[in-house]
Structures are given as structure tokens and as C-alpha cells.
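Colleague: Have a look at this one.
The values are calculated or read from the model by the stated rules, or taken from the named source; none is laboratory data. Bear in mind the structure is a predicted one, so any value in this text is a computation, not a measurement. FYI the Cβ positions are ideal-geometry reconstructions off the backbone, even for glycines, and counts take in every protein chain you see.
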Amino acid sequence: MPTRMLGEPVKRREDPRLLTGHGRYVDDIDLPGMLHAAVLRSPYAHAQIERIDASTARALEGVVAVFTYDDLGPARQRMPLLIPNPALTHPYTRYALARDEVNHVGEGVALVVAESRYVAEDALEAIRVEYQELPPVVDIERAVEPGAWLVHEELGTNVAAHYVGVVGDPERAFAQAAHVFRERLVIERSAAMPIETRGIVAAWDPYREVLRVWDSTQGPIVIRNALAALFGLAPHQVEVIAPDVGGGFGCKIMFYPEEVLIPYAALVLGRPVKWTEDRIEHFIATNHERLQIHDAEIAVDAEGRILGVRDIFLHDAGAYTPYGIIVPQITACQLPGPYKVPNYHVEFRAVYSNTVPVSPYRGAGRPHACFVMERLIDRVADELGLDRAEVRRRNFVQPDEFPYDVGLVFQDGAPTRYDSGDYPAMLARVLEMVDYERFVREEQPRLRAEGRYVGIGLACYVEGTGIGPYEGAHVRIEPTGHVYVATGMPQQGQAHKTILAQVAAEELQVPIERIVVIEGDTAHFGFGSGTYASRSAVVAGSAVALAARRVREQALELAARELEVDPADLVVEDGRIFVRGAPERGLSYWEAAQLANPLRYAYGTEASELLSKPRPWNGPALPPGRQPALEATEYYSPPHATWASGALACILEVDPGTGMIRFHRLCVVHDCGRVINPMVVEGQIHGGIAQGIGGAFYERIVYDENGQPVNASFMDFLIPTAVEVPPIEIAHLETPSPLNPLGVKGVGEAGAIPVPALVASAIDDALRPLGVRVTRMPLGPSELLELIARSTE
Amino acid sequence: MSAEVGAGSAQRRAIRVTVNGVVYERVVEPRLLLSDFLRHELGLTGTHVGCEHGVCGACTVLVNGEPARSCLMLAVQADGLAIETVESLAPDEERLHPLQQAFWDRHGLQCGFCTPGLLMLLKSFLAENPSPSEEEVREAISGNLCRCTGYQNIVAAALEAARLLREPVAG
């Protein structure tokens, strides 16, 4: 019987190392002769640099070098615009160190390299920088008013991009609607906050003439390509390794200044250099996300069917746009969610501010979109006196309507086209899990009669996952009994070493213990883009499947010739290829690997007498078309995103005296197509939901009017702890994706998307007697108390 | 980080610290953090540093059996004390500590960065409270931030480890 590996809760192969303290994160790497770097950062949100005097710092004992912009040689150019877009008419990227102007608190001004980090930080204090303060732009609504102060004077505007997307005839839809409802909805600025900050170690290897860079990044290949181009090296002379990475959640898919500075310093100084970001730096030097202000309206008929949606929003881009307008573009494309919106007008302006730049954080524009759409749907239900689940049911894209085109171009340049799903079944399932009918009919009236404020919330979402351009995989069967699997994907905890091994084990039918997955090391695999957009299992997983299938074919062909049978008569079980019905006639993959290689220097116990037979052909030992290894490289490039989806329900209680909230239930039905490892999928959902809870109640990066971040520590920027995250109940719905060979869809960001919408829905319902409507997130106890107070005035 | 050079080196002090049962005698700068001492002087990099201001708990070690944040302690303050780090948990190379086993079985870690701190905290907590409720576990670990797991499987692992520690499997 074939061994089933897909769908099994295989325990993670990553864990024993990590559990015993033998993980290797970037800061764990200590090389002989290594120097340590620290970055001097701007204390001002917006200022002109008049003069930098580093002479005292340079003279300090233990200081090896101080770099400012002028010292950066080939790196004295602007950092690249990673993702251009026609709507991004005014892109602006930074220098690795500020040249003459700083545009946010935390922007790098100088780099110190010293014999220890302690000395490097001493030296930061000895650098004198004269700044001429410029007026800071902090409030994005004011930033778009005429005569506003400008972040980048030479652009003549604070508007980086103005995007308009139109589907159908929204004007007409709104003119003919029975009802139109408007909302102003805000999601505040937040940040990914992995527990491991960023870090880089760079060293020139004079023996192999290679610049080796260990980087806590989500995209080592992209960094490798950029560094090779910048320093005039051949790509093979730059190796970027993402070792164990302590969480990323989007903020580590970037090309940051330090990723230029540290390798450059290592090249110039001829010694290894390490930089580890500290937490305060992480708050002011690693990209943020989230702030958007939406003016949204929905047009419906008398039965609550959506005729059109119009949404005009401002998106806070921060000081620079290195990652283009991916975040607001995703918001625009995903806003309709699982609902049919035949007429849709979406328009946004991405606005510069003197704050940390914005790029994706888990969810990447989707939590905003989901919040807006679900708030509108709830509003329709409330205004028309309809059940909130019923309004959703009336508007879902139906299972027989796939592929379904939203009508806009998605983040990958492909159509926003939902490939599969079953939204009505998803909602039905979660309603059943939470016992919706009973709660609404019996429990809630009883609780209300007791004077308790307990509500039920619903939220549905879709997520475009597994986008291109492509990823690849190299699979090789080794005569030693190993199966080598390499991809360009790094991981930050998503269990790739386990799930990719499951894919290879299932395709090859070998024991999973035989499989070694190598990831995040450009010396092993050099093409691909990285881990982001919930794409690894879909895109790299599919590439592994395709490469493994080809290797299996090679092995079967070779075995068939050796056994003098037709390949179709062979079966594979447990790593052994044999003739159907005659299990004694066969050989192992490892023997096949030895057979493939005409050297036939066989040794070890796996060698069989097969190997000592004379070659059954004349001519070259390796005939044309044959290779000496069972190996293949395959790439998978999706036609467009594959769309995961989910429906959530929660029951929560509000204490109107304190503004505190307590969850009674939190139920999730999730559809990520075929599940490779349910344990890993559930772990991803748990983590996403926890971040969503952070986004709904706690996580907000606050700037004052001078552009000073006022809560840049874990004391003041609150991440949910085990006490704030409730038990999460999960059910899987599997509608396999028709787009890829595994039928999988992504799951990485799923949980983070719907929670603000879900919580808002539940709070509204809990406080219905008071008439509270939630329109912004996060909503801490004091904001909630304010809402309650205003409603009872 | 090397303590051999730089400002403050004039006042370096000799310390004697027992780490995972091994006595180390070193001369260090007074300002050297215990976390940096463990990681970069002794090479025990299993203890991680997440915030350097004592909130995230990733750097939690046991100091004379009590959990402490090694980023909030100086190495000189550990003079004469016994430190336990995650590297000391497993009884040998082949076997895991019940806490480690339960974290593995229950998928209690993803990126693994916060894990050593949680393991050390829980070792001390379960010694004091061998039969905790779920609520008590959640309260106990509420000073350790995890950004990946949503804590659900950490709580499950802690409860399972408590069971394993109460009823060791024969053999």
C-alpha cells in the first residue's frame, strides 16, 4: 500500500534542534575576528543634515571605522524600488545612510564598526550631527490638503500613488439602489514585531572568493542578487543564507539599508561584521504597516443584495515606498471578499509621512479590506433588520460560479480571479460550530435580561495566496540513502522542512526520515523570490512535487531497464522499486542512484550485486540524454493566485464598566484547499488569530505631532500574551485548488485577516442595547468606554 | 562580544559562575549583560535576546533555580551563582526533557525563538505547581511573548509536560 504523507499531522522535523538550544539564528553566529556594528539613527522625524563630525568616535579605542553616506563607495545610490506600479507616480526610496536629509525617526545616519557592540554603541554617542529641523508630516489627512508641508520637497506632493479601480457601473448602481449606507473606517498603524529582530553577519571568504551573508530575511535570493549587482560581483560570489529565523510576518521581506551596510563594511574592512538590531531600533528602523482611513459606502436592494460598493481611502506609506503600493493594492483587490460586488469603485491615495516606511505585515492590506467589507455587510443587516448571516448568504459567490473574476488586477499582475471555494458551506459550518441559532434565540435574550452584554460576531474573508512569479526545487536521490531537496524558500517557523519533506516522501514513496530539506541558502538554490504572501506551500510545495515526480520517473525508467520490464509494471513502496506482484524482483532508490552513475564505486551495505553486472550496452558509459544522478530541478509558476477563505464566529462579553472584553468562544472554519499537515495549518491559524487579536485590541504604533514614536517598547506597544488569546476552535474545509499539482492554497496570513472585523461585529452585537457602532481598530478598553459613553449621552 | 577591549575595560572584574553544572571563571566588564555573557562568552546561544528590556522573556534562565531575565542582569551579578540554560534541559543527546518532548508532540513552537525562555520558565513553574489548571498555565507564561503560536499549543504542551513529569513513563 502506498504511504500517505499528505494530510498527516507529521511532527516537525525542525524541532529537536530548536528545543535543545541548538538552533542557529543570525546573532548566534560568531566568526573569528568578527567586528560589531551599530547604527546612529535620526532623533528627528524630518531634518536637514548640516554636518556630521565623527572624529571623536573614530579615535575611540576599539573603534575600527565610522561610515557616513560619503564613505559608502558603490552603495552611494538610492535603495531600489522593489515593486514598481504604474499608479505609483511619485516613488521615493532612501539611501543606505541618509545623504542630506532624514525623513523619519530611526533613519540611519552613520554606521560604527568596532571590536565589540558595547564599544560601537559608546561611539554612537561620540558622533556629533548638526540637524536643521524641517516641519514633520504626521497626519495623512492633513498631508493631502493643499499647502501641506511636504515629506519630499522635490516631489511637490505627498501623494505617492493615486489608484482608481472601477468594475461595472458604480454610478448607476448607487443611483438605482434601494439603500445606500456610508461608513468612515480606520485601522491604525501597527507592526509585525517578530521576537527575533533583524540581524546580519557578513564575511568575505578569501579561500573561495565569496561574500557570505547570514541574514534574518524572508528573501535571501533577492538579497543575493541585489548585493552582487551593487558590488560588481558575479552572483555565485555572493551567498546569502537565511539560517533559523525567529519570525518574520512580512517585515523581513525587504531590502533594508543594513543589508547593504554590513556586507559593504565586511568587504572594505576585510573582517567579518555583525549587526543585530535591538528592540528599540526594530520599532524605528523596521517597516510598519496597517494605517488606512476608508470612506466606504454600499448600495443594496430592498433585500440586502449588494448592487455596488464605493471605497475611497488614504493609505499611510510612511517616508519611503521601497515596496511600491502592494499593501493598498491588495486592500483594493480583496475588499469585495467572498461577496458578489457587480459594481465597484475603489480609489486610494498612498500618502507620504515622516514615519517608518510601510510594507506588508501578515495580512498585508487584507485585514483592512475585510474590516471595511464586513462592517458594511453588518450595517446592511442592522439597517434592514435582517440576520447578519442571512445577508452574507444572499451575497456569497456561489460554488458553481468559479472561476470568479473580481475585475481588478491583483498584486502579482494577474487577474483577481477566485479559483475555488464553498463560502455558503463554510459559513454554515461555523454557525453550527458556534450554535448560532440557539445563541441568538435563547442565550442572548437570557443574558441581556440578566443585564450582561454578550454578543456574537461573524466575519468571512478570502485571501489571494500562492502568487508567482515562481519557485523551484531540486530533488536528488543520493546513493547514501538520502533524498536531497533544496528550494529557494527560507522559513521563519512555517515548518517547510516538514511539509516539503511530506510532499517529497509522498511523491517518491520513501520514508520521510530519508529526506533532507535545504532551504534559504543561495548556494543550494539560487532562483526564486522568497517566503511571503502565504505562498511557500503552494509554490515551493508544487515545485517539490514536480521535481520529485520527474526523479521518480527517472528511477523507474532505470529500474525497468535493469529488471527488463515495462516501467508501467513497476511499483514503489517504502523506497523500494519492484515488479508488481513479484516484490523480490526489485531494487531500492539508493541502488538505482548508484546504477545511474557509471563510476559504480559502490561501497556500503546498500550496494548490491546488481552493481557488479557488466554494462548491458556499448558506447559511452553515459549515453546521450542520460545523467549520472537521479535528480531534477523543476519550477512551478502559478497562472494567478489561488484563493483560500474562511468564516469565523465568536461570542464575547463586554464589561461596560471597565471596557474589558472576554471571549466565550472563537470558532474558525478555514479552507486552504488540500491540507498538507493539519497540525501545522492549525498552528498557522492560531498564530494569525493571535496577531489579529493584537490588531483588534492592543497593537497600535503611536506618533506624536512631531513624528516622535511614543510607544516604541514592549512596555507600551502591547503584544497579546497567553492571557489575552482565547482557546481557538478550528474546522477544516477542503476545496482543492485546481491551479496547482497539490491542490493546496496558502494559510500563513489567514488568521490575521478577519479578527478586527469579527471583534467589531461581536462588540456591536454585545452592545446593541446601547447602540454602539465600532468603526476603528484597535479598540482598547478606554476607547470602548468612550464609545459607550457617547452612545448613552 | 569581546570584553577585552573598549571603554570600561579598566574596571574589569573576575567572576566565578556555575552554568549548567560547569564552573566558569572569567574576567568581564561590569556592564556586560548576563545574556551576552552566556551567549557570546560561553557560546551558549540557546538563550535568546528578544527585547533587552525585560518584557519578552526570551532570555529567561534559571538563577539558583528561580527564573530570571538574563538581559536585565549583569554578568557580575551572577558571580557565585548557579545558572541553568536550555542547553541543560535534555538528560543526554538521545533523549528530551518531558517539557521538550511535549512541546514537540503538541506543536508548541514555530520559529523557536521564544521557546528556550518558555521552557526554562515552565521548568521552574511546574516544579512549584505540578498540577496546574489551564488558567494557571496561561497566567504563568503571560510574561513570555510568543508571536507565532497564539499560545494554544504552548499551553497544551505545558499541561502535557506536567502530566509526564507527574507520571514518568517506565523505562
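Colleague: Here are some residues: B:Leu165, B:Leu119. Which one is within 15 Å of the chain's Cα centre (by Cα), over 19 Å from A:Tyr698 (Cβ atoms) and crowded, with 17+ Cβ neighbours inside 10 Å?
Modeller: B:Leu119
Colleague: Hey, A:Ala537 hits all of (1) assigned to a helix (DSSP H, G or I); (2) of a type outside the set (Lys, Arg); (3) at pLDDT 95 or above but one; which does it fall short on?
Modeller: That leaves (3) as the condition not met.
Colleague: Return the pairs, sorted by first residue and then second, in which the second residue is among the charged types (D, E, K, R) and not in a strand (DSSP E or B), the first residue lies in the range A:233-248 and is within 14 Å of chain B (Cβ to nearest Cβ) and within 18 Å of A:Met489 (Cβ to Cβ), the beta carbons are less than 6 Å apart, and the residues are 6+ apart or on different chains.
Modeller: Note: pairs meeting the criteria are A:Pro243/A:Arg24; A:Asp244/A:Arg24; A:Gly246/A:Glu196; A:Gly247/A:Glu196; A:Gly247/B:Arg147.
Colleague: Now a separate question. Out of all the residues in the range B:61-77, is one or more of a type in the set (Gly, Ala, Ser), within 11 Å of chain A (Cβ to nearest Cβ) and over 23 Å from A:Ile719 (Cα atoms)?
Modeller: no
Colleague: I would also like to ask the following. Being within 14 Å of chain B (Cβ to nearest Cβ), among the aromatic types (Phe, Trp, Tyr) and over 30 Å from A:Ala752 (Cβ atoms), is that true of even one residue in the range A:112-132?
Modeller: Checking the range A:112-132: at least one residue is within 14 Å of chain B (Cβ to nearest Cβ), among the aromatic types (Phe, Trp, Tyr) and over 30 Å from A:Ala752 (Cβ atoms).
Colleague: Return a yes/no flag: does the range A:663-675 have any residue that is on the phi > 0 side of the Ramachandran plot, in contact with a strand residue (DSSP E or B) (Cβ under 8 Å, 6 or more places away or on another chain) and in contact (Cβ under 8 Å) with a residue 40 or more places away in the chain.
Modeller: Among the residues of the range A:663-675, at least one is on the phi > 0 side of the Ramachandran plot, in contact with a strand residue (DSSP E or B) (Cβ under 8 Å, 6 or more places away or on another chain) and in contact (Cβ under 8 Å) with a residue 40 or more places away in the chain, which makes the answer yes.
Yes or no, residue by residue, for (1) in contact (Cβ under 8 Å) with a residue 40 or more places away in the chain; (2) at positive phi:
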| position | (1), (2) |
| --- | --- |
| A:Gly695 | yes, no |
| A:Glu705 | yes, no |
| A:Pro709 | yes, no |
| A:Phe714 | yes, no |
| A:Glu724 | no, no |
| A:Ala731 | yes, no |
| A:Pro736 | yes, no |
| A:Gly743 | yes, yes |
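Colleague: Please report, ordered by residue number, the helices (runs of 4 or more DSSP H) entirely within the range A:366-472 with at least 2 residues that are in contact with a Leu (Cβ under 9 Å, 6 or more places away or on another chain) and among the hydrophobic types (A, V, I, L, M, F, W, C).
Modeller: Correct list: A:366-384, A:388-395, A:423-434.
Colleague: Output the residues belonging to the range A:290-346 that are closer than 30 Å to A:Met79 by Cα, among the aliphatic types (A, V, I, L, M) and in a loop (DSSP other than H, G, I, E, B).
Modeller: A:Leu291, A:Ala319, A:Ile325
Colleague: Select from the range A:444-472 the residues that are among the charged types (D, E, K, R) and touching a residue at least 40 places away in the same chain (Cβ under 8 Å) and list them in ascending order.
Modeller: A:Arg448, A:Arg452, A:Glu463, A:Glu471 - these are the residues of the range A:444-472 that are among the charged types (D, E, K, R) and touching a residue at least 40 places away in the same chain (Cβ under 8 Å).
Colleague: So which of A:Lys252, A:Lys274 ends up being crowded, with 22+ Cβ neighbours inside 10 Å and within 15 Å of A:Ala37 (Cα to Cα)?
Modeller: A:Lys274
Colleague: Could you tell me which of the residues A:Arg184, A:Arg142, A:Arg189, A:Arg208 is closer than 30 Å to A:Leu718 by Cα, surrounded by fewer than 13 Cβ atoms within 10 Å (Cβ to Cβ) and not polar (S, T, N, Q)?
Modeller: Going through A:Arg184, A:Arg142, A:Arg189, A:Arg208 in turn, just one is closer than 30 Å to A:Leu718 by Cα, surrounded by fewer than 13 Cβ atoms within 10 Å (Cβ to Cβ) and not polar (S, T, N, Q): A:Arg184.
Colleague: Among the listed residues A:Gly771, A:Gly694, A:Gly780, identify the single one that is touching a helix residue (DSSP H, G or I) at 6+ places or on another chain (Cβ under 9 Å), among the small types (Gly, Ala, Ser) and within 12 Å of chain B (Cβ to nearest Cβ).
Modeller: Of A:Gly771, A:Gly694, A:Gly780, the one residue that is touching a helix residue (DSSP H, G or I) at 6+ places or on another chain (Cβ under 9 Å), among the small types (Gly, Ala, Ser) and within 12 Å of chain B (Cβ to nearest Cβ) is A:Gly694.
Colleague: Moving to a separate point now. Any residue in the range A:486-501 that is farther than 20 Å from A:Thr217 by Cβ, within 14 Å of chain B (Cβ to nearest Cβ) and not in a loop (DSSP other than H, G, I, E, B)?
Modeller: yes
Colleague: When both residues are 6+ apart or on different chains and their Cβ atoms are under 7 Å apart, which pairs have a first residue that lies in the range B:35-48 and is under 20 Å from B:Leu118 (Cα atoms) and at the interface with chain A (Cβ under 8 Å from one of its Cβ atoms), and a second that is of a type in the set (A, V, I, L, M, F, W, C) and assigned to a helix (DSSP H, G or I)?
Modeller: Short answer, once both residue conditions are applied: B:Leu44/B:Leu38; B:Gly46/B:Val86; B:Thr47/B:Leu38; B:Thr47/B:Val86.
Colleague: Another question, then. All but one of (1) of a type in the set (Val, Ile, Thr); (2) within 14 Å of chain B (Cβ to nearest Cβ); (3) closer than 17 Å to A:Tyr264 by Cβ hold for A:Val66; which doesn't?
Modeller: Single failed check for A:Val66: (2).
Colleague: Taking strands (runs of 3 or more DSSP E) that do not extend beyond the range A:191-246, which have at least 2 residues that are under 30 Å from B:Gly57 (Cβ atoms) and in the same structural domain as A:Asp27 (by TED's automatic domain parsing)?
Modeller: A:199-205, A:210-215
Colleague: Sticking with this structure for a sec: Testing A:His664 on (1) within 14 Å of chain B (Cβ to nearest Cβ); (2) surrounded by fewer than 24 Cβ atoms within 10 Å (Cβ to Cβ), one condition comes back false. Which one is that?
Modeller: Going through the list (1) within 14 Å of chain B (Cβ to nearest Cβ); (2) surrounded by fewer than 24 Cβ atoms within 10 Å (Cβ to Cβ), A:His664 breaks only (1).
Colleague: Here are the criteria: (1) without any contact (Cβ under 8 Å) to a residue 40 or more places away in the chain; (2) part of a helix (DSSP H, G or I). Tell me which single one A:Val516 does not satisfy.
Modeller: (2)
Colleague: Tell me yes or no: at least one residue of the range B:92-102 is more than 11 Å from chain A (Cβ to nearest Cβ) and farther than 26 Å from B:Glu29 by Cα.
Modeller: Yes, the conditions are met somewhere in the range B:92-102.
Colleague: If you don't mind, another one. Under 6 Å by Cβ, and 6 or more places apart or on different chains, what pairs join a residue from the range B:22-34 that is more than 11 Å from every other protein chain (Cβ to nearest Cβ) with one that is of a type in the set (D, E, K, R) and in a loop (DSSP other than H, G, I, E, B)?
Modeller: B:Val27/B:Arg12
Colleague: Surrounded by fewer than 24 Cβ atoms within 10 Å (Cβ to Cβ), assigned to a loop (DSSP other than H, G, I, E, B) and in contact (Cβ under 8 Å) with a residue 24 or more places away in the chain: which single residue out of B:Gly54, B:Gly80 fits that description?
Modeller: Exactly one residue qualifies, and that residue is B:Gly80.
Colleague: Another question about this same structure. Considering the range A:650-677 alone, what residues qualify as being under 24 Å from the mean Cα position of the chain (by Cα) and not acidic (Asp, Glu)?
Modeller: Listed by number, the residues that qualify are A:Leu666, A:Cys667, A:Val668, A:Val669, A:His670, A:Cys672, A:Gly673, A:Arg674, A:Val675, A:Ile676, A:Asn677.
Colleague: Further question on the same structure: Scan the range A:249-277 residue by residue and report those that are within 14 Å of chain B (Cβ to nearest Cβ) and touching a strand residue (DSSP E or B) at 6+ places or on another chain (Cβ under 9 Å).
Modeller: Selection gives A:Gly250, A:Cys251, A:Lys252, A:Arg271, A:Pro272, A:Val273, A:Lys274, A:Trp275, A:Thr276, A:Glu277.
Colleague: How about the range B:105-171: which helices (runs of 4 or more DSSP H) wholly inside it have at least 1 residues that are touching a His at 6+ places or on another chain (Cβ under 7 Å) and in contact (Cβ under 8 Å) with a residue 24 or more places away in the chain?
Modeller: B:115-128, B:152-166
Colleague: Scan the range B:123-143 residue by residue and report those that are touching a Phe, Trp or Tyr at 6+ places or on another chain (Cβ under 9 Å), surrounded by 20 or more Cβ atoms within 10 Å (Cβ to Cβ) and more than 7 Å from chain A (Cβ to nearest Cβ).
Modeller: Those that are touching a Phe, Trp or Tyr at 6+ places or on another chain (Cβ under 9 Å), surrounded by 20 or more Cβ atoms within 10 Å (Cβ to Cβ) and more than 7 Å from chain A (Cβ to nearest Cβ): B:Val137, B:Ala140.
Colleague: Scan the range A:721-771 residue by residue and report those that are closer than 23 Å to A:Glu374 by Cβ and β-branched (Val, Ile, Thr).
Modeller: A:Val725, A:Ile728, A:Ile730, A:Thr735, A:Val747, A:Ile753, A:Val755, A:Val759, A:Ile763
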